[in-house]
Amino acid sequence: MFAYQTELNEGWLKAFISCTGASVIDAVVTVAIYALLARLMKPNNAKFYIGAAVLGALCAVGFEWLAFRFGWWSYSEQMVVLPVIGTGLLPFIQLTVLAPSAIWLAGKLKEI
């Protein structure tokens, strides 16, 4: 991601492992969001997908806060940072869109 910044001496393997780990966490969070919402409401309605988007957004903000707090990564000057919450636009959009989209797609694939 062009707006993601690593240390110059980090090397491609560490960056690869870091990005792969983040992707696995995104997948686990998406499954957890589905599991939580499926217990609270009927899946596959508008409220369900809105709930998935809201929980995805909250998780994104939480992850970014932790990452900055512990120095796991930083943004380049190309990253648009959302005012007030201080989270990068791309990470915020990523989980906000990923969670409901992945849940919807999995439901459609299940029908095949």
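With (1) without any contact (Cβ under 8 Å) to a residue 24 or more places away in the chain; (2) surrounded by 14 or more Cβ atoms within 10 Å (Cβ to Cβ); (3) of a type in the set (V, I, T) as the list, and I33 as the residue in question, which single condition is left unmet?
(1)
Out of L89, L82, L109, report the one residue that is surrounded by 13 or more Cβ atoms within 10 Å (Cβ to Cβ) and farther than 21 Å from S18 by Cα.
L82
Quick check on this structure: which one of V80, V97, V84 is at positive phi and modelled with pLDDT of 90 or more?
Of V80, V97, V84, the one residue that is at positive phi and modelled with pLDDT of 90 or more is V84.
Determine, yes or no, whether Y49 is of a type outside the set (D, E, K, R), farther than 30 Å from F16 by Cβ, in contact (Cβ under 8 Å) with a residue 40 or more places away in the chain and surrounded by 12 or more Cβ atoms within 10 Å (Cβ to Cβ).
Spelling it out, Y49 is indeed of a type outside the set (D, E, K, R), farther than 30 Å from F16 by Cβ, in contact (Cβ under 8 Å) with a residue 40 or more places away in the chain and surrounded by 12 or more Cβ atoms within 10 Å (Cβ to Cβ).
Only one of these is closer than 30 Å to G107 by Cβ, at pLDDT 90 or above and over 14 Å from the mean Cα position of the chain (by Cα): L37, L89. Name it.
L37
The values are calculated or read from the model by the stated rules, or taken from the named source; none is laboratory data. As the structure is a prediction and not an experimental result, all values here were calculated from the model. Note that we place each Cβ from the backbone using ideal geometry, even for glycine, and neighbour counts take in every protein chain shown.
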